[in-house]
Amino acid sequence: NADLSQRIHTRSGPPTPDDLDELLTRRRKTQYLLAHPRTIAAFGRECSDRGLYPQGVEVAGVAVRAWRGVPLLPCNKIPVSESGTSSILAMRTGEESQGVIGLHQTGIPDEYEPSLNVRFMGISEQAVTSYLVSAYYSAAILVPDALGVLEDVEIGR
C-alpha cells in the first residue's frame, strides 16, 4: 500500500533508466529495488538499447544487477498482469531508517518460534511423518517515502 505520491508511471511503457532514476529520486536512501524477473529482463533490454551496462553489486554473497548502486532483486511474487505489465518496488528498510519493517505474529498455536508454527499432521502408511509449517509475517511502512512503486511497466513487446 504505497502512498499515492510515491506511485509513478513509466514514460513510454518498458522500464527505462529514466523511470528508475525518477523512482529513486522520490525517496532517500533507497536500499532495494524489487521486480519480477521478466521485468528485470525488460529493464536490461532497455539499458542495452541505450548502450548502458549497469554495474552489479553483491548481496548476501551473490552478485545481482543494480541501478545507481541499488540492488535490483528478482521477486516472482510481484504479479504480471494478463496484458504483460508489472511493477517495480523501491524500498528503504529498517526502523532506524524509518523504512519498511517486518512484524512478527506471536502467541500463535503450536508456535515453534515467533511467527512460525509447526503442526503434526500424521504418519502415512509408508511411515512418512508430515508436518504443516506456517509462517505469519506482516510488513509496515513507517513513513510514506519508505516505499515507492513504478507502475504499469510493460515487460514484453
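Where a number appears in this text, it was derived from the coordinates with a stated rule and is not lab data. Keep in mind that this is a model prediction, so the values were computed, not measured. So basically every Cβ, Gly included, is an ideal-geometry build from the backbone, and we count neighbours across all protein chains shown.
Here are the numbers:
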item	result
Per-q log10 I(q)/I(0), the stretch 101-140, q = 0.18, 0.21, 0.30 Å⁻¹ (Debye; single scatterer per alpha-carbon; no solvent)	-0.55, -0.64, -0.93
Per-peptide average of other Cβ atoms within 10 Å, ordering 26-32, 99-105, 13-19, 87-93 highest first	87-93, 13-19, 26-32, 99-105
Cα→Cβ-extended label distance, 7 Å offset, between residue 11 and residue 152, nm	1.6
Stokes-Einstein D (µm²/s) once Rh is taken as the Kirkwood radius of the stretch 10-134 over alpha-carbon pairs, at 25 °C in 0.890 mPa s	140
Average Cα contact separation per residue, the stretch 61-157, under 8 Å, 6 or more apart, as relative contact order %	31
Integer Hz, Karplus 6.51/-1.76/1.60 couplings in order for the stretch 105-121, x for Gly and Pro	8, 10, x, 7, x, 6, 5, 9, 9, x, 6, 10, 10, 10, 10, 5, 9
Amide H contacts under 5 Å for residue 36, placed H, 5+ residues apart	75, 87
Neighbour-limited loop hits for GluC sites (Glu not before Pro), the stretch 54-95 (at most 14 other Cβ within 10 Å; DSSP other than H, G, I, E, B)	82, 95
Most fluctuating residue given options 130, 86, 97, as computed from a GNM of the chain linking Cα atoms under 10 Å	130
Helix 37-49 vs. the chain, principal-axis angle (Cα, 0 to 90°, nearest 10)	20
